[in-house]
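First up is the structure itself, then whatever we jot down about it.
Values quoted throughout were computed directly from the atomic coordinates according to the rules given, and no laboratory measurement underlies them. In this text the structure is predicted, and so the values were computed from the model without any measurement. Virtual Cβ from ideal backbone geometry, glycine too; neighbours counted across all protein chains shown.
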There are 2 protein chains.
Amino acid sequence: MRNLYIYNTMSRKKEKFIPGNNKYVKMYVCGPTVYNHAHIGHARSAIFFDVIYRYLQHLNYKVYYVRNITDIQNYNISSKNGIYNNIFTNHAEWSQYHINQYHNILYKLNVIPPSIEPYASGHIVDQIEMIKLIIKNGYAYIKNNSVYFNIQKYNQKFIYGNLSKRDIKNYVLSNYKNKEKINNLDFVLWKNDNNSELKWNSPWGLGLPGWHTECAAMSIKYLGCNFDIHGGGNDLIFPHHEASISQVKSCYNNNLAKYWIHHNMVVINGTKMSKSLNNSVFIKDILCNNKIFQKKSYNAMSIRLFILKNHYRNIIHFSDQNIQQSYQELKKLIITYNIIKNLCPSNKSTLNFDQVIDQCYNAINDDFNIPLLINILFKISKMIHSIQNKENCINDIDLEKIQKTYFTFLHDILGISLNIFNENINDFIDLIINIRSEIRSHHNYKYSDFIREKIKKLGIEILDSKNDSKWNLI
Amino acid sequence: MRNLYIYNTMSRKKEKFIPGNNKYVKMYVCGPTVYNHAHIGHARSAIFFDVIYRYLQHLNYKVYYVRNITDIQNYNISSKNGIYNNIFTNHAEWSQYHINQYHNILYKLNVIPPSIEPYASGHIVDQIEMIKLIIKNGYAYIKNNSVYFNIQKYNQKFIYGNLSKRDIKNYVLSNYKNKEKINNLDFVLWKNDNNSELKWNSPWGLGLPGWHTECAAMSIKYLGCNFDIHGGGNDLIFPHHEASISQVKSCYNNNLAKYWIHHNMVVINGTKMSKSLNNSVFIKDILCNNKIFQKKSYNAMSIRLFILKNHYRNIIHFSDQNIQQSYQELKKLIITYNIIKNLCPSNKSTLNFDQVIDQCYNAINDDFNIPLLINILFKISKMIHSIQNKENCINDIDLEKIQKTYFTFLHDILGISLNIFNENINDFIDLIINIRSEIRSHHNYKYSDFIREKIKKLGIEILDSKNDSKWNLI
């Protein structure tokens with residue numbers, strides 16, 4: 001197992017990963033703005049960082065993983081929907097509904113919850129304290145009871161635009177239409193608002209914090225400055241992450257994070273998915289565990305595999321066909337695991353298993369090349385099939401090794417649950433009873449008694465009457 | 001269907017339930033202090049109020065249900081465990097772990113999440129504002145940067161002890177050992193603490209809010225004064241709910257809530273379950289969906305039924321035997337539902353079904369007499385069995401009515417999931433393959449082809465080789 005290399009957006013290079021503490025990794029990921037059902041873009045972010053979380057734990061790091069919930073900035077969106085579509089009483093209830101839906105979807109997608117999931121609305125004091133410090137250090141100004149970050153002032157000491165590689169000289173810095181802002185790049189830290197449903201008391205009066213302050217305040221609160229990994233979608237690089245960096249720098253003269261990891265976007269049938277185009281694909285609509293045998297719905301693990309098959313820095317092209325293909329691949333991967341479990345070892349191995357195990361680690365260590373890792377799992381699958389077909393053989397040491405590696409990567413690290421069934425058990429019990437009734441109607445009591453004994457071991461009792469049979473839990 | 005009557009702790013009487021708004025019910029329930037795994041007491045509270053939530057919705061009310069998470073007052077408990085048993089980095093991670101566990105357990109117990117689940121740590125600004133108002137109105141005093149509620153002052157205008165029926169004259173009101181408090185009944189609103197890991201800035205310096213202020217501030221924020229229902233365990237009547245009432249009264253000269261519902265405690269093998277006795281029964285230890293056929297673990301729905309079988313104002317006696325009995329009863333109730341579904345109607349009914357349907361509503365309307373309701377469901381069960389055994393008959397109108405009523409009460413209102421299996425599907429598929437292999441080994445290809453066709457309809461393909469058969473998803 002070699003070292004892990006991560007493509008750092010800050011340097012635009014793959015860098016060897018060295019955490020600040022050799023047993024500990026501190027990671028912050030920008031979570032969802034909760035205003036609608038979880039879509040395929042939310043799933044991409046959650047699943048990709050879940051694999052990083054799982055892999056770092058596999059490397060024996062204790063990972064301190066913070067992913068936030070943005071439940072203040074959703075306010076503008078919610079208030080547009082009248083009284084929340086006449087279903088919800090207020091903003092908090094509306095937000096909670098979408099938070100619950102989000103959690104529910106991630107649970108089905110087998111995403112492990114982060115160590116801490118802070119809510120923006122729950123960290124008002126921390127945001128106010130950060131704004132006070134920025135004002136104190138001279139990087140913010142107050143206008144009409146709102147507070148703005150002063151980019152020009154900041155740029156006199158630091159450089160704004162390091163992460164996005166933008167030169168602010170190329171932007172008009174004055175004469176902006178917004179009369180409150182000095183420069184057009186300046187962003188709001190605290191927004192004065194007496195009429196908002198969502199407002200808190202502050203040293204500047206009633207209002208609410210700006211979006212960029214949320215993440216900056218919450219990440220620093222739980223992880224301190226200069227933590228190991230900051231993640232998010234690449235649409236957040238500018239201005240959100242740039243603004244987070246500048247707030248933390250102006251407070252503590254220190255960096256926010258060391259490694260910046262950004263995943264790419266999702267394209268739906270050739271068009272970028274976006275709120276404005278209203279073309280979001282909601283997970284709830286494509287996910288239906290109860291109907292995996294119907295063509296129009298997908299198993300959660302197919303969606304997970306489909307997302308992971310795409311390199312995180314590439315665009316995902318979502319289409320019916322692509323996800324149906326993932327379902328076929330998912331089945332192959334699971335069947336292979338079932339074959340490995342039941343394989344009989346020989347005296348010798350005719351294939352090089354150490355090599356493929358190395359290749360698994362090399363793939364994921366190379367900036368999380370998960371698509372390559374999945375290809376290697378398929379390579380292992382072919383090897384296993386050739387052993388099953390007696391074209392090759394495997395000794396007991398290799399068998400144990402490959403079984404462990406395959407399970408570790410597929411189940412533990414990629415997070416593919418090996419049991420993709422759910423809740424259809426009654427159908428199968430009914431089928432067994434049915435088969436037995438058919439056999440019984442032909443007076444073949446030998447087989448019907450055989451079935452009765454077998455199903456009893458699974459805790460089911462069969463009750464025969466003249467015309468039919470019923471079943472019962474023992 | 002008659003009117004709903006609720007035993008109101010405030011009046012110690014059953015009162016007709018009339019919400020403030022005839023379409024709306026506002027309900028607040030004190031949620032868990034998250035410091036350990038969810039125990040049977042947490043389950044009792046969550047399940048009982050879940051049935052109230054479900055029943056009020058069944059009565060066509062829109063229910064606005066707030067249940068909080070107490071994640072500040074757990075600090076004293078956590079800090080005693082060293083660095084959180086060397087597993088957790090800090091208080092927030094430790095709390096989040098227990099919040100996740102709590103949610104996970106409630107999900108398994110089929111408890112519907114409340115409309116809003118506010119965290120105490122997420123409502124510091126609201127608590128500070130409430131304390132400021134109490135000070136402004138003259139009912140609190142500041143000592144060494146801590147703030148205390150002044151009971152004697154409050155009692156000059158209002159009466160402290162209305163809910164618990166305690167007369168504060170019977171309590172020594174001075175010379176208390178705590179030098180900061182004027183009287184021993186005074187309670188802390190804001191605790192000065194510079195050294196706590198958990199602290200926020202406030203007008204009185206760094207510190208944290210007192211327990212009683214949490215619920216008062218959060219319930220009022222989301223529900224306003226004088227909301228419909230306030231619930232909790234009867235151990236909270238004094239001092240917690242008394243203190244909540246007095247804070248709200250001293251702020252707004254108004255009541256906190258109209259109907260006060262308190263459930264009783266849980267006794268473990270004859271001893272009251274308590275933190276100090278360290279005899280808590282954790283749900284995770286008795287709940288194991290995967291092992292419902294082993295004697296030592298219980299199905300989640302057995303636990304739910306067991307809790308509901310006890311009247312909420314009575315003590316629950318938890319024992320192995322009691323919960324095993326609930327499992328037997330659960331099976332009977334589910335089997336009855338399966339029988340009703342398949343029953344054939346006659347031309348006439350020989351039993352009075354309207355009467356038992358009335359009895360169901362009368363039971364739950366009489367201060368949520370759920371044990372009686374369950375008895376009536378068993379009465380229906382007997383009627384159904386007698387119809388199945390041709391001792392009685394039912395016409396189509398009654399059949400439709402009783403099927404709907406039975407399902408509504410058992411599934412919708414009591415929240416008993418009718419599918420108590422989980423994740424054992426592979427065993428049943430393997431069994432079908434096994435039965436078929438046995439039949440095939442005796443060259444009975446007629447039956448084996450029959451089985452192949454039947455299982456194909458469930459999405460399973462059987463692959464035969466010379467020596468054995470494998471299965472595959474289609």
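Over chain A, Cα pairs under 8 Å with separation of 6+ residues give a relative contact order of 16 percent. Over segment B:425-473, Cα pairs under 8 Å with separation of 6+ residues give a relative contact order of 28 percent. Between the Cα long axis of helix B:353-365 and the first principal axis of chain B there is an angle of about 20°, rounded to the nearest 10.
With the helix formula -39500 (n - 2.57) applied to DSSP H stretches of n ≥ 4, chain A reaches a computed 222 nm mean residue ellipticity of -13000 deg cm²/dmol.
Put a plus charge on the Cβ of each Lys and Arg, a minus charge on the Cβ of each Asp and Glu, and nothing anywhere else: the dipole of segment B:1-123 about its Cα centre is then about 760 debye. Estimated at 0.36 nm per residue, the fully extended path between A:Lys169 and A:Lys157 surpasses their Cα-Cα distance by 2.8 nm.
Once C-alpha pairs closer than 8 Å and six or more residues apart are averaged by separation and normalised to the residue number of segment A:355-425, the relative contact order reads 21 percent. Of the residues A:Ile451, A:Ile433, A:Trp471, the one whose Cα sits farthest toward the positive end of the charge dipole of segment A:425-473, with +1 on the Cβ of Lys and Arg and -1 on the Cβ of Asp and Glu, is A:Ile451. Within the shell defined by Cβ-Cβ distances under 14 Å, the residues around B:Asn322 carry a net charge of +1, with Lys and Arg each +1 and Asp and Glu each -1. Converting phi to 3J(HN,Hα) with the Karplus coefficients 6.51, -1.76 and 1.60 and the offset θ = phi - 60°, segment B:186-197 yields 4, 10, 6, 9, 9, 9, 5, 7, 7, 9, 4, 5 Hz in sequence order, with x at every glycine or proline.
Distances, shortest first, from the label point of B:Asp320 to those at the same position in the other copies read 5.7 nm; the point lies 7 Å along Cα to C-beta. Here's how it looks for A:Tyr259: its modeled amide H is under 5 Å from those of A:Ile229, A:His230, which are all 5 or more places away or on a different chain.
Could you work out the local net charge near A:Asn444, counting Lys and Arg as +1, Asp and Glu as -1, over the other residues with Cβ closer than 10 Å to its Cβ?
Details: positive: A:Arg436, A:Arg440, A:Lys446; negative: A:Glu438, A:Asp449.
It works out to a net charge of +1.
Counting, for every residue in A:431-437, the Cβ atoms of other protein chains within 10 Å of its Cβ and taking the mean gives 4. P(r) for the protein assembly as shown: what percent of alpha-carbon pairs falls in each 20 Å bin, starting at zero? Whole-percent P(r) values from 0 Å outward: 12, 38, 36, 13, 1. About the centre of its Cα atoms, segment B:5-266 shows a dipole size close to 880 debye [charges on the beta carbon of Lys, Arg (+1) and Asp, Glu (-1) only; nearest 20 debye]. Helix A:40-58: angle to the longest alpha-carbon principal axis of chain A, degrees 0 to 90, nearest 10? Approximately 80 degrees, to the nearest ten. Here the convex hull built on the C-alpha positions of segment A:274-424 has a volume of 123 cubic angstrom per residue. In the neighborhood of B:Lys221, defined by Cβ-to-Cβ distances under 15 Å, what is the net charge if each Lys or Arg adds +1 and each Asp or Glu adds -1? Charge balance near B:Lys221 sits at -3. Treat each spin label as a single point 7 Å out from the Cα along the C-beta direction, and report the A:Val267 to B:His442 distance in nm. Output for this residue pair reads 6.1 nm.
Please state the shape class of segment B:1-46: rounded when a/c is under 1.5, otherwise prolate if a/b exceeds b/c and oblate if not, all from the C-alpha gyration tensor. It is prolate, given that a/c is not under 1.5 and a/b is the larger ratio.
With +1 on each Lys and Arg Cβ and -1 on each Asp and Glu Cβ, how big is the dipole of the protein assembly as shown about its Cα centre, in debye rounded to the nearest 20?
Working: 112 positive and 74 negative charges, 174 e Å.
Here the size comes out at about 840 debye.
By Cβ position, the chain A residue that hugs the axis carrying A onto B most closely, with its distance in whole Å, is A:Gly122, 1.
Sparsely packed loop sites in segment B:150-248 (the chymotrypsin sites (Phe, Trp or Tyr not before Pro) outside DSSP H, G, I, E and B with at most 12 other Cβ atoms within 10 Å) do not occur. Could you check what % of the DSSP bridge pairs in segment A:5-266 are antiparallel, to the nearest 5? Here the antiparallel bridges make up roughly 45 percent for segment A:5-266. Shape verdict for segment B:5-266, please, from the Cα gyration tensor: rounded (a/c under 1.5), prolate (a/b greater than b/c) or oblate. It is oblate, given that a/c is not under 1.5 and a/b is not larger than b/c.
Hey, got a sec? Which trypsin sites (Lys or Arg not before Pro) in segment A:1-57 land in a DSSP loop and have at most 13 other Cβ atoms within 10 Å?
Values: sites: A:Arg2, A:Arg12, A:Lys13, A:Lys14, A:Lys16, A:Lys23, A:Lys26, A:Arg44, A:Arg54; in loops: A:Arg2, A:Arg12, A:Lys23.
Here the sparse-neighbourhood loop sites are A:Arg2, A:Arg12, A:Lys23.
Output ³J(HN,Hα) for segment A:263-279: one whole-Hz value per residue in order, computed from phi by the Karplus curve 6.51 cos²θ - 1.76 cosθ + 1.60 with θ = phi - 60°, and x for Gly and Pro. These are the phi-based 3J(HN,Hα) values: 8, 8, 8, 10, 10, 9, 6, x, 10, 4, 6, 7, 4, 5, 7, 6, 10 Hz. Using the Cα coordinates of chain B, the gyration tensor eigenvalues translate into equivalent-ellipsoid semi-axes of 51, 30, 18 Å, sorted from longest to shortest. Label-point distances for A:Gly270 to the equivalent site in the other copies, using a point 7 angstrom along Cα→C-beta, read 7.8 nm when ranked shortest first. Karplus-derived 3J(HN,Hα) values for segment A:150-155, using 6.51 cos²θ - 1.76 cosθ + 1.60 with θ = phi - 60°, are 9, 5, 4, 5, 4, 6 Hz; glycine and proline are entered as x.
If you take every DSSP beta bridge fully contained in chain B, what fraction is antiparallel? Give it as a percent rounded to 5. Don't skip to the end; give the middle numbers.
Working: 23 of 47 bridges.
Bridges in chain B that DSSP calls antiparallel: roughly 50 percent.
For the protein assembly as shown, DSSP calls about 50 percent of its internal beta bridges antiparallel. When the Cα gyration tensor is reduced to axis lengths a ≥ b ≥ c, the ratio a/c is 1.5 or higher for segment A:425-473, and with a/b above b/c it is classed as prolate.
Placing a label point 7 Å from the Cα of A:Glu391 along the Cα-to-Cβ direction, the distances to the matching points in the other copies come to 6.7 nm, shortest first.
What separates the Cα centres of segment A:341-374 and segment A:391-406 is a distance of 10 Å.
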